[in-house]
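So the structure is just underneath, and the comments pick up after that.
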Amino acid sequence: MGEYRVWLRFKRNRPGLVGGLLLLLVAVAAITAPWLTPHSPTEANLVRAFGPPSKHHSLGTDELGRDLLSRLLYGGRVSLTMGIVSLGISLTVGTALGAMGAYCGGRLDNLIGRLMDMLLAFPPLLLAIAIISLAGPGLTNAMIAVGVVQIPVFARLIRGQILILKEQEFVIAARATGATDLNMLVVHLLPNCLSPLIVQSTFVFATAILSAAMLGFLGLGAQPPSPEWGAMLSKARGYLRVAPALSILPGLAIMMSVLSLNLLGDALRDALDPKLGAVRRQV
Amino acid sequence: MQTFLYRRVTLTVTTVLLLLVVMFTLLRIIPGSPAEILAGDFATGKDIEELKQAWGLDQPLHVQLLIYLSRVLRGDFGRSVVTRRPVMTEIQGRLRPTLELVLMASLVATVVGLIAGVVSAVRRYSALDGLVMVFAILGVSMPNFWLALLLMLLFGVTLGWFPIVGVGTPAHLVLPSLSLAAAQAAIIARQTRSAMLEVLSQDYVRTARSKGLPERVVIYRHALKNALVPVLTIVGLLFSRLVGGSVVVESVFSRPGMGRLLVDSISLRDYPVVQGVVVVIAVAVAVVNLVIDLGYAWIDPRVRYT
């Protein structure tokens, strides 16, 4: 299908456009954070703790007197980075495993399938927590854990796609003209999996941000004083009565990012191929 | 049905066994000797020696694995590093709050999700449908711990209708189960709606209508029954997701359940408890999934042949 027709279909999807704009907003805010706010996200000043919104601090300050707006903006950097890195891990490893299984078949395929079954049998969040319990809490380990949890999603998707593609005439023709295995995969098979991969990646990105925030909230992900949204909410819980804004705004930021990706994913699925049937491994 | 039963049970058993082997291996891959890790930070030389004896850690690896499997399969995960009580005793004391929460949340999620999905499909493109779908997409995008904080703020702090922390009375269960159920209700509503729309466009629904059957009968007797089949797959995954989510929700509401135990044990580096909780939850999820799959195959015979 031509890219132009996909765009025409996507353009008609209003929630999808809203999602795209929202994502753009979150990304631009995160990238330009140092220019949008003069305050450091981590510099504490107890004198100004729980400050109300003012000219200097447009959203007020938190329990340590840090500028809330700065923390929210810089938090976007942490969350988006975590989402991208986790997505990268699950996308590359999952695609490689799925392609290998489908392409080689036999015992290897069986082994990979069984491993993926095992990963899927676990509640996603619990699996991430189990990995962190062994590797130790922290930003890096949280990203790896969230990435590993989503590997089976891509492995299954790619395996299914390649098994279908393998029977198609153009692939048989390529095989007949003597294409090498690597050539087959890179030139003929994987490019044809692109549409479902894009849709799936959007959903996994959303789930990764959500999971990373949950781990941060549990104290297993990004550690203070990092302005990670989940970790911020975990601290804010103690000041629910004194400073409700601290419990509301970071959550709103998480929801906006996740919502934008979910809207975008739904729209992309409809535009690229309504029958795609991407799966969500929701936490 | 028998081959399916056999195949499905074997799959569950191998998955659980494989999981145990992975846990066993991981504990030997991470830095530090397994005995030191299992004995905790404040262990004496005697503690470590005892552990080595009890778990056969001085034996060759394959013997260690067999000892490990035989102990774990009997529910013996050793003692907590912190409280020195058997891990199983610790876990048993935490089962109830988690079970209550997960069961209540599955009830809420299923009932709300199904009703919302059916209503929204039957009144497609109405304002009500739009509203349900907006709530559904918000529901899947909202972190459950944030919803929990918002509910605490509104119903606990501002209105004072429900207690915000602890367990005990049914009132303590309201806010946690709502926060846990919301996302799952949203998923079920979306799935029910699309399944219902698919079914409502089928020929047999048109036939039922043209026979002059009342709309209520067409929707509930003819359409919903068939739409429920794909929805069941989603409901099957519900338990697993709720158990995972309960970890977070229990933390927010300070409920002394399994999830709380897990998170606390991780920060205290209490490995025997962490291992015990992970295995118990994994086995529970595997068994529930098995039961749901078998029920699914019983309702929809096509499943048995795939």
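Viscosity 0.890 mPa s, temperature 25 °C: what is the translational diffusion coefficient of the protein assembly as shown from Stokes-Einstein with a Kirkwood Rh over Cα pairs, rounded to a whole number of µm²/s?
After rounding, the answer is 95 µm²/s.
Kindly sort B:Ile48, A:Ile248, A:Ile254 by accessible area of their heavy atoms, largest first, with the probe set to 1.4 Å.
A:Ile248, B:Ile48, A:Ile254
What whole-number value in Å² describes the accessible area per residue of region B:117-179 for a 1.4 Å probe?
Per residue, region B:117-179 has an accessible area of 45 Å².
Mind checking which helices in chain A clear 18 Å along their axis (Cα) and have mean Kyte-Doolittle hydropathy of 1.0 or more, DSSP H runs only?
Within chain A the helices that satisfy the rule are A:14-31, A:68-104, A:139-166, A:194-217, A:244-272.
Which is farthest toward the positive dipole end of chain A among A:Ser54, A:Val187, A:Leu157, measuring Cα position about the Cα centre, with Cβ charges +1 (Lys, Arg) and -1 (Asp, Glu)?
The Cα lying farthest towards the positive end belongs to A:Ser54.
Starting from the Kirkwood radius over alpha-carbon pairs of region B:198-248, derive D by Stokes-Einstein at 4 °C in a medium of 1.567 mPa s and give it in µm² s⁻¹.
102 µm²/s
Would you check the accessible area of B:Met88, probe 1.4 Å, heavy atoms only, in square angstrom rounded to 10?
Roll a 1.4 Å probe over it and B:Met88 shows about 60 Å².
When Lys and Arg each count +1 and Asp and Glu each count -1, what net charge do the other residues less than 14 Å away from B:Ser179, Cβ to Cβ, add up to?
That works out to +2.
Would you rank B:Met1, A:Met143 by solvent-accessible area, highest first, keeping every protein chain in place and using a 1.4 Å probe?
Heavy-atom accessible area, descending, gives B:Met1, A:Met143.
For region A:118-134 and region B:1-77, what is the separation of their C-alpha centers, rounded to whole Å?
Centre-to-centre (Cα) distance: 17 Å.
With θ set to phi - 60°, apply the Karplus curve 6.51 cos²θ - 1.76 cosθ + 1.60 along region B:219-230 and write out the HN-Hα couplings as whole Hz, x wherever there is a Gly or Pro.
6, 7, 7, 8, 7, 4, 4, 7, 5, 5, 4, x
Just to confirm, what accessible area per residue do you get for chain A at 1.4 Å probe, in whole Å²?
Each residue of chain A exposes 45 Å² on average to a 1.4 Å probe.
Tell me whether chain B comes out rounded, prolate or oblate; compute the Cα gyration tensor, take square roots of the eigenvalues as a ≥ b ≥ c, and use a/c under 1.5 as the rounded threshold.
oblate
At a probe radius of 1.4 Å, figure out the A/B buried accessible area, summed over both chains, and give it in Å² to the nearest 100.
3800 Å²
Within region B:117-234, what whole-number % of the accessible surface is contributed by carbon and sulfur, with the 1.4 Å probe and all protein chains included in the calculation?
Exposed carbon and sulfur together represent 64 percent of the surface.
Enumerate the calculated ³J(HN,Hα) couplings along region B:40-48 in order (Karplus 6.51 cos²θ - 1.76 cosθ + 1.60, θ = phi - 60°), each rounded to whole Hz, writing x wherever the residue is Gly or Pro.
Values, residue by residue: x, 6, 9, 6, 8, x, 5, 4, 5 Hz.
Per residue, how much accessible surface does region B:184-306 expose to a 1.4 Å probe? Answer in Å², no decimals.
On a per-residue basis, 43 Å².
Could you tell me what fraction of 2.2 N^0.38 Å the Cα radius of gyration of region A:77-132 comes to, as a two-decimal ratio?
Its radius of gyration relative to the 2.2 N^0.38 Å reference: 1.34.
Placing +1 at every Lys and Arg Cβ and -1 at every Asp and Glu Cβ, with all other atoms neutral, what dipole size does chain A have around its Cα centre, in debye to the nearest 20?
The calculation lands at about 420 debye.
Please list the equivalent ellipsoid semi-axes of region B:1-147, computed as the square roots of five times the alpha-carbon gyration tensor eigenvalues, in descending order and whole angstrom.
Equivalent ellipsoid semi-axes, largest first: 46, 22, 15 Å.
Using only the alpha carbon atoms of region A:135-283, find the Kirkwood hydrodynamic radius as the inverse mean reciprocal pair distance, in angstroms to one decimal.
Final number for the Kirkwood radius of region A:135-283 is 17.8 Å.
Can you pull the accessible area of B:Val21 for me, 1.4 Å probe, Å² to the nearest 10?
50 Å²
Using only the alpha carbons of region B:163-306, determine the length spanned along each of the three principal axes and report them from longest to shortest in whole angstroms.
66, 40, 21
Taking amide H positions as placed in the peptide plane 1.01 Å from N, state which residues far from A:Leu59 in sequence (5 or more) or on other chains have amide H under 5 Å from it.
Answer set, sorted by chain and number: A:Ser54, A:Leu68, A:Leu69.
For region A:1-101, restrict the atom set to alpha-carbon positions and state the Rg and Dmax in Å.
19.8, 61
If you take the square roots of the eigenvalues of the alpha-carbon gyration tensor of region B:94-155 and sort them as a ≥ b ≥ c, do you get rounded (a/c under 1.5), prolate (a/b over b/c) or oblate?
Judged from the Cα gyration tensor, region B:94-155 comes out oblate (a/c at least 1.5, b/c at or above a/b).
Report D for chain A in µm² per second (integer): Stokes-Einstein, Kirkwood Rh on Cα pairs, 20 °C, 1.002 mPa s.
The diffusion coefficient I find is 104 µm²/s.
Could you derive backbone 3J(HN,Hα) for region B:290-302 from the dihedral phi with the Karplus parameters 6.51, -1.76 and 1.60 (θ = phi - 60°), listing whole Hz in sequence and x where the residue is Gly or Pro?
4, 4, 5, 4, 5, x, 4, 5, 6, 6, 10, x, 4
Sum -39500 (n - 2.57) across every DSSP H segment of at least 4 residues in the protein assembly as shown, then divide by the residue count to get the 222 nm mean residue ellipticity, nearest 500.
-24000 deg cm²/dmol
Considering all projection directions equally, how large on average is the shadow of the alpha-carbon convex hull of region A:147-198, in square nanometres?
3.8 nm²
Compute and list, largest first, the equivalent-ellipsoid semi-axes of region B:143-235 from the alpha carbon gyration tensor, each √(5λ) rounded to a whole angstrom.
With the √(5λ) rule applied to region B:143-235, the semi-axes are 40, 14, 11 Å.
Residues with amide H under 5 Å of A:Leu240's amide H, sequence separation 5 or more or different chain, H placed in the peptide plane at 1.01 Å from N; which?
none
With heavy atoms of protein chains only and a 1.4 Å probe, what residues of region A:108-156 have at least 30 Å² less accessible area in the full set of chains than alone?
A:Arg114, A:Met118, A:Ala121, A:Phe122, A:Pro123, A:Leu125, A:Leu126, A:Ile129, A:Ser133, A:Leu134
The values are calculated or read from the model by the stated rules, or taken from the named source; none is laboratory data. All values reported here derive from a predicted model rather than from experimental measurement. Here Cβ is always computed from backbone atoms with ideal geometry, including for glycine, and neighbour counts include all displayed protein chains. All accessible areas refer to the heavy atoms of the entire protein, side chains included, with ligands and DNA or RNA removed. Shrake-Rupley method; radii C 1.70, N 1.55, O 1.52, S 1.80 Å.
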